Amino acid sequence: MEFSFLEPAGLVAITPKRHGDARGWFSEVFRDDLFRANVADVSFVQHNQSYSKPKGTVRGLHFQLEPRAQGKLVRCPRGRVLDVAVDLRASSPTFGQHAALELSAENGRQLWIPAGFAHGFCTLEDDCEIAYLVTDLYSPEHDRGLAWDDPALAIAWPVTTAEAVLSPKDRTQPRLADLGTVFA
């Protein structure tokens, strides 16, 4: 596996090796020992998967508050997405900054997003699936969001606000300036 450390600090792109022949390929997409040694000493407790039918679907930006904050290991086993993580750690020198990375079935890349970040993605084609491991269970009481299109975040989304396919919840999330301190 190849590990690329990104900014904001804490984010890691992970590209598993693929071993191929005439039949196709095989890949270890996760190994606990390598992950703990190279990325973070965490345990995953839940495996989530989402399917988005239309191109231009935006999900996020989502996070959970302490004490139920989640780290996420995200991959795209079907389709292509622009995956985004925003630093919400108030004490971080990169507070409010983000990283955006294309994840696809073709490139096999994954993104580790530690607790303290908001996460979201936009589908770049029809029929996309996202699979992600999380370090804490889903907790509706701790579930929060951030406006995906907040100009202060300066995220270069591949869709406009008018084009984005959004849930009602994601249409009304607060902007960063209105969020308050969510992580120390």
**Complete:** Only one of (1) exposed (fewer than 12 other Cβ atoms within 10 Å of the Cβ); (2) farther than 21 Å from Leu146 by Cα does not apply to Pro67, and that is (2)
**Filter result for Arg68 (assigned to a loop (DSSP other than H, G, I, E, B), over 24 Å from Glu129 (Cα atoms) and not β-branched (Val, Ile, Thr))** = yes
**Prompt:** Before we move on, is Gly56 among the small types (Gly, Ala, Ser), closer than 30 Å to Ala162 by Cα and touching a Ser or Thr at 6+ places or on another chain (Cβ under 7 Å)?
**Reply:** yes
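Would you tally the residues in region 9-24 being more than 25 Å from the chain's Cα centre (by Cα) and either of a type outside the set (Asp, Glu) or under 24 Å from Ala85 (Cα atoms) (or both)?
5
Filter region 174-184 for residues that are touching a strand residue (DSSP E or B) at 6+ places or on another chain (Cβ under 9 Å) and not in a loop (DSSP other than H, G, I, E, B) and give the result. Quick ask: steps written out before the conclusion?
Initially, region 174-184 is screened for residues touching a strand residue (DSSP E or B) at 6+ places or on another chain (Cβ under 9 Å), giving 174, 176, 179, 182-184.
Listed by number, the residues that qualify are Leu176, Leu179, Phe183.
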**Request:** Give the residue, chosen from Phe35, Phe5, that is of a type in the set (Phe, Trp, Tyr), surrounded by fewer than 18 Cβ atoms within 10 Å (Cβ to Cβ) and farther than 30 Å from Val165 by Cα.
**Result:** Phe5
**Complete:** Flagged in region 31-47 as touching a strand residue (DSSP E or B) at 6+ places or on another chain (Cβ under 6 Å) and more than 17 Å from Ala85 (Cα to Cα), in numbering order, are Asn38, Phe44, Gln46, His47
**Message:** Can you report the number of residues in region 131-183 which are basic (Lys, Arg) and either under 28 Å from Gln110 (Cβ atoms) or touching a Ser or Thr at 6+ places or on another chain (Cβ under 7 Å) (or both)?
**Reply:** 2
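Here's the yes/no breakdown for (1) more than 28 Å from Asp41 (Cβ to Cβ); (2) more than 11 Å from the chain's Cα centre (by Cα); (3) surrounded by fewer than 19 Cβ atoms within 10 Å (Cβ to Cβ):
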{"residue": "Leu61", "(1), (2), (3)": "no, no, no"}
{"residue": "Arg75", "(1), (2), (3)": "no, no, no"}
{"residue": "Val84", "(1), (2), (3)": "no, no, no"}
{"residue": "Leu101", "(1), (2), (3)": "no, no, no"}
{"residue": "Pro114", "(1), (2), (3)": "no, no, no"}
{"residue": "Arg144", "(1), (2), (3)": "no, yes, yes"}
{"residue": "Pro158", "(1), (2), (3)": "yes, yes, yes"}
{"residue": "Ser167", "(1), (2), (3)": "yes, yes, yes"}
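Values in this text are rule-based calculations from the coordinates and carry no lab data. A quick note: this is a predicted structure, and the numbers were derived from the prediction, not measured. When we count neighbours, we look across all protein chains shown, and the Cβ atoms used for this are built from the backbone with ideal geometry, even at glycine.
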